[in-house]
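Notes follow the structure.
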Amino acid sequence: MKIRLVKTDGSITDIKPQIIVKDNKTIVSVSKEAVGENVEYVDFLYDYFTAKTGDKGYFVLPFECLKGVSATYFTERPDTEYASEFSHIYCYGYKKEQGGIFGIITGCKYDYALVAGVKDGNYYTYPRFLLEGDIADEDIAVEYYELENGDYSEMARLYRKHQIEIEGCEALSERIKRDNRLERAAASMAIRVRQGWKPAPSKQENQTLETEPDMHVALSFDDVGEIVDEFKAQGINNAEFCLVGWNRMGHDGRYPQIFPAEPKLGGEEKLRKLIKKAKNNGYNIVGHTNGSDAYTVSELWDEEYLLKTKDGGLHTMDIWSSGRAHKICPQRMYERFGYEHNEKLKELGFEGIHYSDVITILTLLKCHDKNHPLTRRESAEWYRKLMERGREVFGGFSSESGYDFAASSLDYALYTSFLLSGEGLPEICDEPIPFWQIVYHGIILYNPGTYTLNYPAKGKANRLKYFEFGGRPLACMYANFAEGKNWMGNEDLRCDTEDEMKASVSKIKQMADDYDWLKEVRFAFMESHNRIADGVFEIEYSNGYIVTVDYNASTVTMSGNGIEKQLVI
């Protein structure tokens, strides 16, 4: 075992770690003083995470959020290596022929990335800590565990235990006892209704009030009220609506500005009427906001609250409906908008699992503004404050994905990854595995991925994948709005005519029925996921139920506790 320091000038130094064997784990660490200054990154080269082509077993590799968690088998393949930007779950593992090794990152975890590759038939993986020339804000440490079975289900159970006992995660079944708003949401599937947007991506990188393009109206507040009526007519009794683009100039309109409610959709009076109608019909209703982005067209534009790069510049992101997005410093987001916006939203009547875009899908960033400097750790702390504020005001908090730093404060993840099959994965990966789901089922509500969004329009395999990976279904009306960026899939639920609206709601009814079919395991932990035959998977839950998904016969069965039922897809 050695620690490799790669400095900003390209020089490399090896140092010895401190190794402590305690109870059932081995703690490998290096002090921040030993790492020192001007280090680009630190590699933990642990010899036990190596294998040869033909060996039995696999690596468990959590890369970026969009890629999820994958298994890498030790098959013959060309030399390749993938170094993640960061890892969205702070662990990694090696299932050997007998037993396994599992590593949990406990020091400098917010700087953790993962490297995996094969060279000349030799497989390897190791953690990399990205310091970017800055001094580490704590010692770097990894805890290693020898596992008896060593499969990814055992690893995930151990990591869940760590998240509950050390990181403050709490079972959903306990949280709903304290807040009936969250209890109602947990019994309801999620429906996003995109109401309006400007052309995306914008042809203008930096819009102004004078150059801002018109907004397309898909659904007014009155139109959404008709959708509420259709939900009732088709017997959907449990639903949580999230209005996307209700704000000034629609989805990604003028962030961080969200008020007033968009006049072209009916304005505040019509919005209040819609919120009251939804709640009177027993539905939760919340509004989509954004906790990360700022655009030059905003009437609240101010470079003071923006996140700064090391050279003093502004951190910019992709171009969306309002042009180039600029990153808001998490501290300033909380201080300037966390209270004011939430109180106004609450006064409108929004209630349920509040949604704030982007936060939990992108990597944490440092802020180098001298007035509000942040390490990645501090960025995570400010985001969690923002999330907890949302919980307090509305009943719950949701964002775009399931980044680990947010796990203790997140109630719903819009999707946990983008990928269903091996397509799009790094060459070193073989197949996605439901590692995240085993860790967090029963703690965080989630839609498994973009591939299960609107799944009745996507075919049997996608519907079966929902039952295999579990969670809370997500429907999205007008999912396709961005030209060339339909990451949610080309299949859509639209309401351009009354017949089209009824057909879309009928698909959502199927999803609501599926969620109800799985209600026995809604609050249980997912204990294991196993392939028991080609195309057949068995999922065991902590309350004694077993769900079997058979892709060959297109069936789902549930057994346990006196229940035996089957669903033919």
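The values are calculated or read from the model by the stated rules, or taken from the named source; none is laboratory data. The structure displayed is predicted, hence computed values, not measured ones. Heads up, the Cβs are rebuilt from the backbone with ideal geometry, glycines too, and the neighbour counts pull from every protein chain shown. These accessible areas exclude ligands, DNA and RNA; they are computed on the full protein's heavy atoms, side chains included. Shrake-Rupley method; radii C 1.70, N 1.55, O 1.52, S 1.80 Å.
Remarks
- The Rg/Rh ratio for segment 500-541 is 1.18, where Rg is the radius of gyration of the alpha carbons and Rh is the Kirkwood radius.
- Computed on the chain, with alpha-carbon pairs under 8 angstrom and 6+ residues apart, the relative contact order is 13 percent.
- For q = 0.10, 0.21, 0.24, 0.25 Å⁻¹, Debye-computed log10 I/I(0) when each Cα of segment 12-115 counts as one equal scatterer: -0.33, -1.34, -1.51, -1.54
- Only beta bridges with both residues in the chain are counted; by DSSP, about 75 percent of them are antiparallel.
- Surrounding net charge for Asn480, when Lys and Arg each add one and Asp and Glu each subtract one, Cβ distance under 12 Å: 0
- Accessible area per residue for segment 419-569, computed on protein heavy atoms with a 1.4 Å probe, is 37 Å².
- Rounded to two decimals, the Cα-based Rg/Rh of segment 509-563, with Kirkwood Rh, is 0.97.
- The smallest convex shape that holds all Cα atoms of the chain, its convex hull, gives 153 Å³ per residue.
- Approximate spin-label separation Ala83-Leu348, in nm, with each point projected 7 Å along Cα-to-Cβ: 4.4 nm
- A convex hull fitted to the Cα coordinates of segment 413-493 yields 94 cubic angstrom per residue.
- Quotient of the Cα radius of gyration of segment 225-384 and 2.2 N^0.38 Å, N being its number of residues: 1.14.
- Length added when fully stretched, Asn552-Ala171, from 0.36 nm per residue minus Cα-Cα: 133.7 nm
- Largest-first principal axis extents, alpha carbons of segment 53-192, Å: 57, 38, 34
- Label-zone membership for segment 352-366, site Arg178, 7 angstrom Cα→C-beta point, backbone N under 18 Å: 352-354
- Within the accessible area of the chain, the carbon and sulfur atoms contribute 45%, probe 1.4 Å, all protein chains present.
- Taking trypsin sites (Lys or Arg not before Pro) across segment 347-386, the ones in a DSSP loop with at most 15 further Cβ atoms lying within 10 angstrom of their Cβ are Lys370.
- D by Stokes-Einstein for segment 466-512, Kirkwood Rh over Cα pairs, 20 °C, 1.002 mPa s: 180 µm²/s.
- Between Lys22 and Thr53, the FRET efficiency estimated from the beta carbon spacing at R0 = 51 angstrom works out to 0.90.
- Solvent-accessible heavy-atom area per residue, rounded to whole Å², over segment 251-407 at 1.4 Å: 35 Å²
- Compared with the rule-of-thumb size 2.2 N^0.38 Å for a compact globular protein, segment 5-45 has a Cα radius of gyration ratio of 1.35.
- Alpha-carbon centroids, segment 1-69 and segment 267-318: separation in whole Å: 39 Å
- Positive minus negative residues near Ile319 (Lys, Arg vs Asp, Glu; Cβ under 13 Å): -1
- Reported to the nearest whole Å, the Cα centre-to-centre distance from segment 200-237 to segment 476-527 is 17.
- The alpha-carbon positions of segment 108-183 define a convex hull whose volume is 185 Å³ per residue.
- Label point at Ile569 placed 7 Å out along Cα→Cβ; residues across segment 457-495 whose backbone nitrogen lies under 14 Å: 457-471
- Point-to-point label distance, Thr8-Lys460, nm (Cα→Cβ direction, 7 Å offset): 5.9 nm
- Evaluated over segment 20-72, the Cα radius of gyration and Dmax, each in Å: 15.6, 41
- Per-residue extension of 0.36 nm, minus the Cα-Cα distance of Thr211 and Arg272, leaves a gain of 18.9 nm for this segment.
- Given their separation in residues at 0.36 nm each and the Cα-Cα distance between them, Glu37 and Lys264 gain 76.3 nm when the chain is fully extended.
- Candidate lysines for bridging to Lys565, where Cα separation is under 30 Å - those fewer than 8 sequence places away on the same chain excluded: Lys177, Lys232, Lys458, Lys460, Lys465, Lys502, Lys507, Lys509, Lys519
- Sparse-neighbourhood loop sites, trypsin sites (Lys or Arg not before Pro) in segment 411-503 - DSSP loop, at most 14 other Cβ within 10 angstrom: Lys485
- For segment 218-272: span of alpha carbons on each principal axis (Å, largest first): 37, 19, 17
- Cβ-Cβ distance of Glu340 and Arg377, R₀ of 41 Å, FRET efficiency by 1/(1 + (r/R0)^6): the value works out to about 0.95.
- Value of Rg/Rh across segment 289-395 [Cα atoms, Kirkwood radius]: 0.96
- Kirkwood estimate for segment 139-231, i.e. one over the average of 1/r between Cα atoms, Å: 19.3 Å
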